[in-house]
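Structure provided below as structure tokens; questions to follow.
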Amino acid sequence: MRNDLLYTILKEGVVVYTRLSASNFWHQNIVYKVENNSVSLALIPGYLESIIMTGQTLTIKLTNEDIEYLFIGHISEIRPHFPSLITVDIKNIKDLKNCRVFPRYDVYVAASIKSENSDDDHFAIIHDISLSGMAFYSKKDFSIASEQLNLTIFLPNKNIIVAKGTVTRKMTYDSYIDYGMSYTDMQEENNNSLYDFFSMLEVEKSKLRDTFFKSIKKHLP
């Protein structure tokens, strides 16, 4: 394991995405502290909803323009009193080449998708999105590369984005299919709305960092 990455990439105040082993959900979080091959993070409501316990595996993800880093470890401590936190003992570190042209965001956004050859709308959940493409879950079986899909994306800020795209990958699970998609057509107005949404997400990250440095850090053990 490259311990140097743990201390040079994961620093206090860095916003990351995290996932418990029993969940598909990526939770945004912030690094409280890194020491002795362990990382401390906020104990967020999403962990409680997922029934977090010591001994579980947790993955910490941090992506830059070139590389996606995955820090994988076991939860060794859960501290419920203020400032509530969890400690993860890191056991493995992976660095993967980031082939995305634009930054991607882990989100959970509702969408409607239909083939140009059909009038039927199909519900989808977008879980990863950028200015060039997205990943989504759906029960509908779409073909890779062979059909043009019409997308209607319902953003949390109440904006609606319309675009077209084709499937680039798919992975089938018991109750849904996980797709990757590249946009083939998006009007400038929709592109600008998507960019504004990403800007809003960056503002939320800044607020999270500000709260940590102003109100949390001084209370850490």
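The values are calculated or read from the model by the stated rules, or taken from the named source; none is laboratory data. Remember, it's a predicted structure, so these values are computed and weren't measured experimentally. For neighbour counting, all protein chains shown are included, and Cβ atoms are generated from backbone atoms with ideal geometry for every residue, glycine included.
Please count how many residues of segment 199-221 are over 20 Å from residue 11 (Cα atoms) and touching a strand residue (DSSP E or B) at 6+ places or on another chain (Cβ under 6 Å).
1
For segment 110-191, list the strands (runs of 3 or more DSSP E) that sit wholly inside it and hold at least 1 residues that are of a type in the set (Gly, Ala, Ser); which are they?
122-129, 133-138, 160-172, 177-185
Within segment 85-94, does at least one residue satisfy the condition of being closer than 27 Å to residue 204 by Cα, touching a Ser or Thr at 6+ places or on another chain (Cβ under 6 Å), of a type in the set (A, V, I, L, M) and surrounded by 14 or more Cβ atoms within 10 Å (Cβ to Cβ)?
yes
Taking the stated definitions as given, is residue 208 in contact (Cβ under 8 Å) with a residue 40 or more places away in the chain, closer than 17 Å to residue 111 by Cβ and not in a strand (DSSP E or B)?
no
Return yes or no: is residue 51 closer than 28 Å to residue 177 by Cβ, β-branched (Val, Ile, Thr) and either touching a Gly at 6+ places or on another chain (Cβ under 9 Å) or assigned to a strand (DSSP E or B) (or both)?
no
Separate question: Go through (1) of a type outside the set (A, V, I, L, M); (2) in contact with a Leu (Cβ under 6 Å, 6 or more places away or on another chain); (3) at pLDDT 95 or above; (4) crowded, with 16+ Cβ neighbours inside 10 Å one by one and return the number of the condition residue 71 breaks.
For residue 71, the failing item is (2).
Is there a residue being assigned by TED's automatic domain parsing to the domain that holds residue 121, of a type in the set (A, V, I, L, M), touching a residue at least 60 places away in the same chain (Cβ under 8 Å) and over 16 Å from residue 115 (Cβ atoms) anywhere in segment 154-173?
No, because not a single residue in segment 154-173 is assigned by TED's automatic domain parsing to the domain that holds residue 121, of a type in the set (A, V, I, L, M), touching a residue at least 60 places away in the same chain (Cβ under 8 Å) and over 16 Å from residue 115 (Cβ atoms).
While we're on this one: Step by step: first the residues of segment 7-43, then only those that are assigned to a loop (DSSP other than H, G, I, E, B) and either of a type in the set (A, V, I, L, M, F, W, C) or outside the structural domain of residue 76 (by TED's automatic domain parsing) (or both), then the one that is modelled with the lowest pLDDT. Which residue is that?
22
Name every residue in segment 15-30 that is aliphatic (A, V, I, L, M) and either over 17 Å from residue 67 (Cα atoms) or surrounded by fewer than 18 Cβ atoms within 10 Å (Cβ to Cβ) (or both), in order of residue number. It would help to see each step written out before you state the result.
Within segment 15-30, the subset aliphatic (A, V, I, L, M) is 15-16, 20, 22, 30.
Across segment 15-30, the qualifying residues are 15, 20, 22, 30.
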